[in-house]
Amino acid sequence: MLFNEPAMLSKPNKPEGFGMASCASCHHSRAGFQACVPQGIGEGGTGFGVDGEGRMPLATYATEDLDIQPIRSPSAMNAAYQEAQLWNGQFAGSSINAGTEWNWVGPKEANELGYEGVETQAIAAQGVHHLHFQENPELVENPQYVALWEDAFPEVPVAERYTDEHAGLAMAAFERTLLANQAPFQKWLRGDKSAMSDKAKRGATLFFGKANCASCHTGPALNDMEFYALGMKDLEGEGVYGDGILTDDVKKGRGGFTGKVEDEYKFKTPQLYNLADSPFYGHGASFKSIRAVVEYKNNAQSENAIVPETQLAAEFVPLNLTQAEIDDITEFLYNGLYDPNLQRYDPSALPSGDCFPNNDPASKADLGCE
C-alpha cells in the first residue's frame, strides 16, 4: 500500500503536487514495474493513459520543479535477486559497494545503514521523491495504517515507528515479492512442455547457445550483478525533460559512482521479464522495440560517440545471427518471458482512498477512479 500510496507525497516542490504521485508512478504493474515513458515523472506529472504512456509534465510546473530522473526508470520487478539497485548500482550498503564509502553523499548516505540494495533504495527514494509518511497526519492517524504498522513493526515503540527507514523496510519487503513467475518459459522449466511456442523455444536455444546472451543474462531474473559498456545512448530527445540533469557522472554509469576509470560508461545488466510492457529499452531509452536491441547487439556497433572503444565490453561483438534467428530470440524475449498477470501485485484499494498509482485529476480520469 505504501508503494502505491500518493498521499506519501507530503513535501512537494509545489502545493498542487501534494498527494498526487507515488513510487508506483514510475514503477507500476501495467508497465512491468517500469514507467512506460522514456523518463518517469513523479511529482509534477499529469495523466496516465492506458499503461502509463500518457504521463507528461503539468503545465504549471517549471522543469526544475518536476520530479524526474536523468536515466530511464529501471524495473522494480525481480529486485529481490539484485544485491544493488539502479543502473549504476549505487544503492547497497554492502557486497559490491564495499570500499566505495568515500562516495556516499546525498541520497547515497542511506548506504551507511548497511542494508542491501532494495532496502537502501526504498529508504533513500523517499527523500529524493518527496515521499514522507510521517509528514501527513491523515495517514499517520488512519486506523488501517495504524493497524498495519503495528503488525509490521510490533517491537518498535510507536514514537519511533513512523520513520523513512521503517517505511522503506516495509516497501522493500513488498518489492521483494514482485517476482515474474507465471511466464511461459518458467512454466516450461516446471515441466509444461507446451507452454512455449516452437518459435520461442528456438529463441531460447539461441539465447542460451549461439547468441551467448546468457553470458550476462543469467540467474533467476536473467541478469547478473555486473556492469558493462555497450555504447548505448544516454537519455535524450522526445519525452525527456530537464536541461543539465544529464551530468558526466550519470553518463559514466558505474564509474560515476565508484570514481574508477575502469568502470566508466558501464551500466548494470537489466532483468529481462515483461520487457514487452514498456516500449523503451536501454538506460537511455534509445531503443523502441525488443527486436531493435537484439539487432544492436547482433551488429555490435556503438551508437554513443562519447564511449571510448577501449571501454566496450569484451562480450560486445558481432553475433552473426540471421534475420530468422533474430526473430526467434525476439519471440522468446517478448512472449516467452512475459508474465501476463502482474496486476495481482496491486492492492484492491488504499486506506487513504486515493487513486493509484497517480492521484492527479487527469490520471484519475484515465484510470476511471474519480
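The values are calculated or read from the model by the stated rules, or taken from the named source; none is laboratory data. What you see is a predicted model, and the numbers here were worked out from it, not measured in a lab. Ideal geometry is used to build each Cβ from the backbone, glycine not excepted, and the neighbour counts take in all protein chains shown.
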- Note on the structure: Per the list (1) crowded, with 24+ Cβ neighbours inside 10 Å; (2) more than 20 Å from LEU272 (Cβ to Cβ), residue check on ALA84 breaks on (2)
- Of all residues making up region 352-370, the number that are buried (at least 19 other Cβ atoms within 10 Å of the Cβ) and either farther than 30 Å from LEU131 by Cα or in contact with a helix residue (DSSP H, G or I) (Cβ under 8 Å, 6 or more places away or on another chain) (or both): 7
- Query: Out of curiosity, is PHE287 over 25 Å from ASN103 (Cα atoms), free of Cβ contacts under 8 Å to residues at least 12 places away in the same chain and among the hydrophobic types (A, V, I, L, M, F, W, C)?
  - Reply: no
- Item | Criterion (in a loop (DSSP other than H, G, I, E, B), more than 24 Å from ILE41 (Cα to Cα) and either in the same structural domain as CYS36 (by TED's automatic domain parsing) or among the charged types (D, E, K, R) (or both)) met by exactly one of GLY89, GLY93 | GLY93
- Item | Check on LEU272, out of contact with any helix residue (DSSP H, G or I) (no Cβ under 7 Å at 6 or more places or on another chain) and either in the same structural domain as MET56 (by TED's automatic domain parsing) or buried (at least 22 other Cβ atoms within 10 Å of the Cβ) (or both) | no
- Query: From the list GLU150, GLU83, GLU53, which residue is farther than 25 Å from GLY282 by Cβ and either assigned to a loop (DSSP other than H, G, I, E, B) or not hydrophobic (A, V, I, L, M, F, W, C) (or both)?
  - Reply: GLU150
- Task: Within region 235-251, track down each residue that is closer than 19 Å to ASP65 by Cβ and among the acidic types (Asp, Glu).
- Result: ASP243
- Task: Would you please name the residue that is surrounded by the most Cβ atoms within 10 Å (Cβ to Cβ), looking only at residues in region 125-158 that are among the small types (Gly, Ala, Ser) and under 26 Å from the mean Cα position of the chain (by Cα)?
- Result: ALA125
- Query: Are any residues in region 161-189 of a type in the set (A, V, I, L, M) and either buried (at least 16 other Cβ atoms within 10 Å of the Cβ) or more than 18 Å from GLU331 (Cβ to Cβ) (or both), and if so, which ones?
  - Reply: ALA167, LEU169, ALA170, MET171, ALA172, ALA173, LEU178, LEU179, ALA180, ALA183
- Query: Which helices (runs of 4 or more DSSP H) sit wholly inside region 218-331 and have at least 1 residues that are among the hydroxyl-bearing types (Ser, Thr, Tyr) and at negative phi?
  - Reply: 254-258, 290-299, 323-331
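Okay, residues lined up against (1) modelled with pLDDT of 95 or more; (2) under 20 Å from ALA276 (Cα atoms); (3) assigned to a loop (DSSP other than H, G, I, E, B):
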position: LEU178; (1), (2), (3): yes, yes, yes
position: ASP192; (1), (2), (3): yes, no, yes
position: ALA195; (1), (2), (3): yes, yes, yes
position: GLY203; (1), (2), (3): yes, yes, no
position: LEU206; (1), (2), (3): yes, yes, no
